[in-house]
Amino acid sequence: MTFTITPHASPVSAQAREKALEDPGFGRVFTDHMVTLRWTAARGWHDGKVTARAPIAIDPAASVLHYAQEIFEGMKAYRTAKGDIVLFRPDMNANRLARSAERLAMPVIPEALFIEAVEALVKIDKDWVPSGAGSLYLRPFMFASEAFLGVRPAQEYVFCVIACPVGPYFKGGDKPLKLWVSDKYTRAAPGGTGAAKCGGNYAASLIAQAEATEKGCDQVVFLDAAEHRWIEELGGMNLFFVMSDGSMITPPLTGTILPGITRTSIIEIARDLGMKVTEAPYSMDQWRSDAESGKLSEAFACGTAAVVASIGEIVSSSGSFRVKNATGATVAGKLKEQLVGIQKGNISDSRGWVRKV
């Protein structure tokens, strides 16, 4: 598709941009432009545009406002030591968005078109990609725009890509996370939308995250909906457990857990390094018992935003416990070093994960 490009008439000045890049935080500073595409049942995908970032006008009866047909992705562009700008496994983001679209009865955007749209934004806003430890967080998303109040899949959609330069996701930097185990709320149930990256999943998790914050914790741990026993994931990150023999366990993808791209990459890196990685159910009782006995060496969470974060303390209504080696989490650190090294071009990309823009 040919995108119509209309550069911003008054972009942020170079001086103001450099100032913003010094400490962008996460998700508060945005680049100058955005990409939009439209879909209708009659025309399919059309009207691709690169324009100045601006509010989107939608009808008050737009389906997304009433029936929550909305999906999104999270990915990053990196500036390598050589000055190149690269994307990390964008095909996986495209494929996951496609699966999310199918689950929510929305049109699938083809992989090539998805990547073309993302690259169009990165190219025009290339000066916003930080060097060093920062990155450009990219948010492709799609929503139902048809003005119609009947309960059925919409016939019109908007796909959009926006971007923001980001630093560390957690304010405390690399300190181990403190987690709250929710025994009241669940994130997803079998047959639901747990494996889709849709806004409704996150909206339903916010009350549990607020509870975690009240308890002085960084994130919330969600358990399975049926037994409230098996560990699933955090509010926005997958979990790994490192045993004292060097092996790792991570909850399996059974339809209630988001298939994280960072999760998949860490499994592949770990196995290439000779580690045994098992995708198997792991209960809260096991976590506590293994941590207290020393069988558990480390635990960490992972995701696009935070990359890899060690876990130090777990708090629940039945008491708390600690992961003893949290501050010296060598396996988590090694895996993060490998992953970030590939993303930043400091380690050879032998797997073809990195795509130069």
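Number of residues in region 95-116 that are out of contact with any strand residue (DSSP E or B) (no Cβ under 7 Å at 6 or more places or on another chain) and outside any helix (DSSP H, G or I): the value is 3.
The single residue among 76, 49 that is open to solvent by less than 20 Å² (accessible area, probe 1.4 Å), assigned to a strand (DSSP E or B) and either modelled with pLDDT under 95 or charged (D, E, K, R) (or both) turns out to be 76. Residue 272 passes every criterion in (1) of a type outside the set (A, V, I, L, M, F, W, C); (2) on the phi < 0 side of the Ramachandran plot; (3) surrounded by 16 or more Cβ atoms within 10 Å (Cβ to Cβ) apart from (3). With respect to residue 289, determine if the residue is modelled with pLDDT of 95 or more and under 21 Å from residue 177 (Cα atoms). Answer is yes for this residue. Residues in region 155-175 that are part of a loop (DSSP other than H, G, I, E, B) and either open to solvent by 40 Å² or more (accessible area, probe 1.4 Å) or at pLDDT 95 or above (or both): 7 in all.
Is it true that residue 312 is of a type outside the set (Lys, Arg) and either modelled with pLDDT of 95 or more or touching a Pro at 6+ places or on another chain (Cβ under 9 Å) (or both)? Give the derivation first.
Working: of a type outside the set (Lys, Arg): yes; either modelled with pLDDT of 95 or more or touching a Pro at 6+ places or on another chain (Cβ under 9 Å) (or both): yes.
Spelling it out, residue 312 is indeed of a type outside the set (Lys, Arg) and either modelled with pLDDT of 95 or more or touching a Pro at 6+ places or on another chain (Cβ under 9 Å) (or both).
Just wondering, is there one or more residues in region 91-105 that are modelled with pLDDT under 95, surrounded by fewer than 19 Cβ atoms within 10 Å (Cβ to Cβ) and out of contact with any Pro (no Cβ under 7 Å at 6 or more places or on another chain)?
Restricting attention to region 91-105, the residues satisfying the condition of being modelled with pLDDT under 95 are none.
No: zero hits.
A count restricted to region 224-262 and to residues that are of a type in the set (D, E, K, R) and under 20 Å from residue 326 (Cβ atoms) stands at 2.
You will find that of 68, 9, 62, the residue that is open to solvent by 70 Å² or more (accessible area, probe 1.4 Å), touching a residue at least 12 places away in the same chain (Cβ under 8 Å) and not β-branched (Val, Ile, Thr) is 9 and no other.
Scanning for something part of a strand (DSSP E or B), touching a strand residue (DSSP E or B) at 6+ places or on another chain (Cβ under 8 Å) and on the phi < 0 side of the Ramachandran plot, does region 117-136 turn up at least one residue? Looking for residues that are part of a strand (DSSP E or B), touching a strand residue (DSSP E or B) at 6+ places or on another chain (Cβ under 8 Å) and on the phi < 0 side of the Ramachandran plot, one finds at least one in region 117-136, hence yes.
Only residues that are open to solvent by less than 60 Å² (accessible area, probe 1.4 Å) and within 25 Å of residue 343 (Cβ to Cβ) were counted across region 106-141, and they come to 23.
Taking region 12-46 as the region of interest, how many residues are among the small types (Gly, Ala, Ser) and open to solvent by 40 Å² or more (accessible area, probe 1.4 Å)? I'd like the intermediate steps shown before the answer.
At the first step, the residues of region 12-46 found to be among the small types (Gly, Ala, Ser) are 13-14, 16, 20, 25, 27, 41-42, 44.
Adding the requirement that they be open to solvent by 40 Å² or more (accessible area, probe 1.4 Å) leaves 13-14, 16, 41-42.
So the answer is 5.
Among the residues of region 148-171, those identified as out of contact with any Leu (no Cβ under 6 Å at 6 or more places or on another chain), among the small types (Gly, Ala, Ser) and under 22 Å from residue 34 (Cβ atoms) are 154, 167.
To keep it simple, each residue is scored yes or no on (1) open to solvent by 30 Å² or more (accessible area, probe 1.4 Å); (2) touching a helix residue (DSSP H, G or I) at 6+ places or on another chain (Cβ under 8 Å).
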position: 189; (1), (2): yes, no
position: 208; (1), (2): no, no
position: 218; (1), (2): yes, yes
position: 233; (1), (2): no, no
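Could you check, for region 339-350, whether at least one of its residues is of a type in the set (Gly, Ala, Ser) and either within 29 Å of residue 185 (Cβ to Cβ) or in contact with a helix residue (DSSP H, G or I) (Cβ under 7 Å, 6 or more places away or on another chain) (or both)? Please lay out each step first, then the result.
Of all residues in region 339-350, those of a type in the set (Gly, Ala, Ser) come to 341, 345, 348, 350.
Keeping just the survivors that are either within 29 Å of residue 185 (Cβ to Cβ) or in contact with a helix residue (DSSP H, G or I) (Cβ under 7 Å, 6 or more places away or on another chain) (or both) gives none.
So far as region 339-350 goes, no, none of its residues is of a type in the set (Gly, Ala, Ser) and either within 29 Å of residue 185 (Cβ to Cβ) or in contact with a helix residue (DSSP H, G or I) (Cβ under 7 Å, 6 or more places away or on another chain) (or both).
When region 292-338 is examined, which residues are found to be among the charged types (D, E, K, R) and more than 17 Å from residue 180 (Cβ to Cβ)? Please lay out each step first, then the result.
Going residue by residue through region 292-338, those that are among the charged types (D, E, K, R) are 292, 295, 298, 313, 322, 324, 334, 336-337.
Scanning region 292-338 gives 292, 295, 298, 324, 334, 336, 337.
Selection within region 309-357: residues that are more than 21 Å from residue 129 (Cβ to Cβ) and of a type in the set (Val, Ile, Thr). The member of this set that is most open to solvent (accessible area, probe 1.4 Å) is 327.
The values are calculated or read from the model by the stated rules, or taken from the named source; none is laboratory data. Quantities reported herein were computed from a predicted structural model and do not represent experimental measurements. Here Cβ is always computed from backbone atoms with ideal geometry, including for glycine, and neighbour counts include all displayed protein chains. Surface accessibility is based on the protein's heavy atoms, side chains included, excluding ligands, DNA and RNA. Shrake-Rupley method; radii C 1.70, N 1.55, O 1.52, S 1.80 Å.
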